[in-house]
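Everything below concerns the one structure shown next.
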Amino acid sequence: MILFFSNIMIPMLFVIIIAYGLLRRVKVYDVFVEGAKDGFATIFNIMPTFIGLMLSIGILRVSGALDAFTRLIAPLIAPTGFPEDAVPLTLMRTVSSSAATGLLLDVYGTHGPDSFVGRFVSVMMSSTETIFYTLSLYFLAVKITKTRYTLAGALLANLVGVIASLLITEWIFGR
Amino acid sequence: MLNYIWAAFILIGIIYAVVTGNVEGLTNGALDASVEAVHLGIRMLGILCMWTGLMKIAEKSGLIEALSKKMTPAVLWLFPRLSRDSEAIPHISTNFIANILGLGWAATPPGLKAMEELQKINSDKTRASREMCMFLIVNLSSLQLVTINIIAFRAQYHSANPSEIIAPGILATLVSTVIAITFAKIMEKISTRREGGLV
């Protein structure tokens, strides 16, 4: 049931959006092509960023430093049932979206996207945000310095997102 | 921030490799990584263009606007002190909808506008109002329903079913958002009691 919903989600969006477009007499194909150009521009703009990030994480990986870090914290993490190889990514996720993407791809490359840890990080990336960056961006824009309970709330939501992702991944796909 | 992270990764990696006597792999590792980034970008190109194309139809047909309007009752429930004709509401709705659809680049401009509007009605300009706290906490709990990037990455790494993570992702997102709203509402009650309903 849940897997069916996953599989039907994107086709369903296609149907709803195109049907609504036709109903409103939008030239759907022309507009699609116009929008696809935006995607082109986005990818070409992020390519250099991508190369830079994959480079730095590639070096960290082949040097053995990432594995060493994972081994170092493994004894602390193991009793909780949390996949050790997802720790660097989970920590980085709150700080930098692009650095997290690099680490995500590293998990896919090492374990495969259909492994337990691969599925877990996929779900986790969808249910968490780059809280530190976004908070500072939004508060700086309006010059707020007393942020009250926003950081606590954001951290809590993030933690809950991580735990929920772990439990839900285990529940749906098994370990 | 990213500058430091980036530099730290590279320097820690190289120093660690030198100390542990594992230098021979470094050059190849660096070259492979940059080539892999290009492969990935090309794969992403197709999927992202499909998505931005589809979203352009949703935007041009007025679907996104219609959805934002439908959001108003939910927004008023989250922000009971805002009046129905508050300038902040359309920006908040658009930001939520863009986040839900995973249009990060489209979510930031209305998000900043929403903050500006909330700042206009804020009594203490250096201190976050309860509306700002709620807005950001909900925002940061992640609202995204379809993470097209993650699906694209999974496809690139030969997942048998790249989109199988959509529904689990939605469930996890739902849980974190409900907790986030509950937390913000409780904090509002606590601060009202402490400060006599002023903020």
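The values are calculated or read from the model by the stated rules, or taken from the named source; none is laboratory data. Keep in mind the model is a prediction, meaning the values are calculated, not measured. Reconstructed Cβ throughout: ideal geometry from the backbone, glycine too, with neighbour counts over all protein chains shown. Accessible surface is based on the protein model in full, side chains and every heavy atom, while ligands, DNA and RNA are left aside. Shrake-Rupley method; radii C 1.70, N 1.55, O 1.52, S 1.80 Å.
To the nearest 100 Å², how much accessible surface do chains A and B cover up together, summed over both, with a 1.4 Å probe?
8200 Å²
Once you order the gyration tensor axes a ≥ b ≥ c over the Cα atoms, which shape class does the range A:61-114 get: rounded for a/c under 1.5, otherwise prolate or oblate by comparing a/b with b/c? Display every interim value, and only then the final one.
On the way: a/c = 1.42, a/b = 1.32, b/c = 1.08.
Rounded, since a/c falls under 1.5.
Using a Gaussian network model of chain A whose springs link C-alpha atoms within less than 10 Å, name the residue from A:Ile16, A:Ile73, A:Ile131 with the highest mean-square fluctuation.
A:Ile16
Where nothing but the Cβ of Lys and Arg (+1) and of Asp and Glu (-1) is charged, how large is the charge dipole of chain A around its Cα centre, in debye to the nearest 20?
540 debye
Which whole number gives the average, over all residues in A:109-116, of C-beta atoms from other chains lying within 10 Å of the residue C-beta?
4
Give the Debye-formula value of log10 I(q)/I(0) at each listed q (0.18 Å⁻¹), with one equal scatterer per alpha carbon of chain B, two decimals each.
Treating every Cα as an identical point scatterer, log10 I(q)/I(0) equals -1.24.
Within 10 Å of each Cβ in peptide B:24-37, how many partner chain Cβ atoms are there on average? Round it to a whole number, please.
So the per-residue partner count for this stretch is 6.
With each pseudo-label sitting 7 Å past Cα toward Cβ, what's the A:Phe14-A:Ala68 distance in nm, one decimal?
Spacing of the two 7 Å Cα→Cβ label points: 4.9 nm.
For the range B:156-178, list whatever residues lose no less than 40 Å² of accessible surface once every protein chain is in place, relative to that chain by itself, with the probe at 1.4 Å.
B:Tyr157, B:Glu164, B:Ile165, B:Ile166, B:Ala167, B:Pro168, B:Leu171, B:Ala172, B:Ser176
Carbon-plus-sulfur fraction of the accessible area of the range A:1-117, 1.4 Å probe, in percent?
Roughly 71 percent, rounded to a whole number.
Using the heavy atoms of the protein chains and a 1.4 angstrom probe, tell me the accessible area per residue for the protein assembly as shown in square angstrom.
47 Å²
Identify which of A:Leu89, A:Leu23, A:Leu72 has the largest mean-square fluctuation in a Gaussian network model of chain A, with springs joining Cα atoms closer than 10 Å.
A:Leu23
Test of understanding: extend the Cα→C-beta vector of A:Arg24 to 7 Å, then name every residue of the range B:61-76 with backbone N under 17 Å from that spot.
Those under the cut-off are B:61-72.
Given charges of +1 on the Cβ of Lys and Arg and -1 on the Cβ of Asp and Glu, with all other atoms neutral, how large is the dipole of the range B:56-194 about its Cα centre, in debye to the nearest 20?
With only Lys, Arg, Asp and Glu charged at Cβ, the dipole is about 380 debye.
Rounding to the nearest 20 debye, state how big the charge dipole of the range B:30-70 is about its Cα centre with +1 on each Lys and Arg Cβ and -1 on each Asp and Glu Cβ. Please list the in-between numbers first.
Numbers: 5 positive and 4 negative charges, 71 e Å.
I would put it at about 340 debye.
Estimate the FRET efficiency between A:Phe44 and B:Thr192 by the formula 1/(1 + (r/R0)^6), using the beta-carbon distance for r and 41 Å for R0, to the nearest 0.05.
About 0.25, to the nearest 0.05.
Taking chain A as the reference, fit the longest principal axis to its C-alpha atoms, fit the long axis of helix A:65-77 to the helix C-alpha atoms, and give the angle between the two in degrees, 0 to 90, nearest 10.
For A:65-77 against chain A, the angle is about 80 degrees.
Pulled fully out, how much extra length does the chain show between A:Val95 and A:Leu155, if you take 0.36 nm times their separation in residues and subtract their Cα-Cα distance?
Details: separation 60, 0.36 × 60 = 21.60 nm, distance 1.14 nm.
Going from the current span to full extension adds 20.5 nm.
Taking the protein assembly as shown, how much of its Cα-Cα pair set, in percent, is spaced more than 39 angstrom apart?
More than 39 Å apart: 19 percent of the Cα pairs in the protein assembly as shown.
Put +1 on the Cβ of each Lys and Arg and -1 on the Cβ of each Asp and Glu in chain B; which of B:His91, B:Val75, B:Met50 then has its Cα farthest toward the positive end of the dipole?
Positive-end residue among those listed: B:Val75.
Ignoring ligands, DNA and RNA, what percent of the accessible area of the range B:24-69 is carbon or sulfur (1.4 Å)?
63 percent
Step through the residues of the range B:110-115 one at a time and calculate ³J(HN,Hα) from phi using the Karplus curve (6.51 cos²θ - 1.76 cosθ + 1.60, θ = phi - 60°), rounding each to whole Hz and writing x for Gly and Pro.
x, x, 5, 4, 4, 4
May I ask you to evaluate 6.51 cos²θ - 1.76 cosθ + 1.60, the Karplus curve with θ = phi - 60°, for each residue of the range B:185-192 and list the ³J(HN,Hα) values in order in whole Hz, giving x for glycine and proline?
5, 5, 4, 4, 4, 4, 6, 5
Just reorder A:His111, B:His91 by solvent-accessible area, largest first, 1.4 Å probe, all chains present.
So, going from the largest accessible area down, we get A:His111, B:His91.
In whole angstrom, how far apart do the alpha carbon centroids of the range B:102-153 and the range A:1-51 sit?
23 Å
Could you check the simple spin-label distance between B:Arg81 and B:Ile42, using points 7 Å along Cα→Cβ, in nm with one decimal?
Each label point lies 7 Å from its Cα, and together they span 5.5 nm.
Once phi is turned into ³J(HN,Hα) by the Karplus curve 6.51 cos²θ - 1.76 cosθ + 1.60 with θ = phi - 60°, what whole-Hz value does each residue of the range B:23-31 show in order, with x for glycine and proline?
7, 4, x, 4, 4, 4, x, 5, 5
Using the eigenvalues of the Cα gyration tensor, what equivalent ellipsoid semi-axes result for the range A:27-126 when each is taken as the square root of five times the eigenvalue, whole Å, largest first? Don't jump to the answer; show the numbers that get you there.
Working: eigenvalues 208, 54, 22 Å².
Equivalent ellipsoid semi-axes, largest first: 32, 16, 10 Å.
State, to one decimal in nm², a quarter of the convex hull surface area for the C-alpha atoms of chain A, i.e. the direction-averaged projected area.
Over all viewing directions, chain A projects a mean Cα-hull area of 14.1 nm².
For a 27 Å ceiling on Cα separation, which of these pairs sit above it: A:Lys143/B:Lys60; A:Lys27/B:Lys70; B:Lys56/B:Lys113? Intermediate values should be presented prior to the final figure.
Working: A:Lys143/B:Lys60 34 Å; A:Lys27/B:Lys70 25 Å; B:Lys56/B:Lys113 22 Å.
Checking Cα-Cα distances, A:Lys143/B:Lys60 exceed 27 Å.
With the contact rule set at Cα under 8 Å and sequence spacing of 6 or more, what percent relative contact order holds for chain A?
Rounded, it is 17 percent for chain A.
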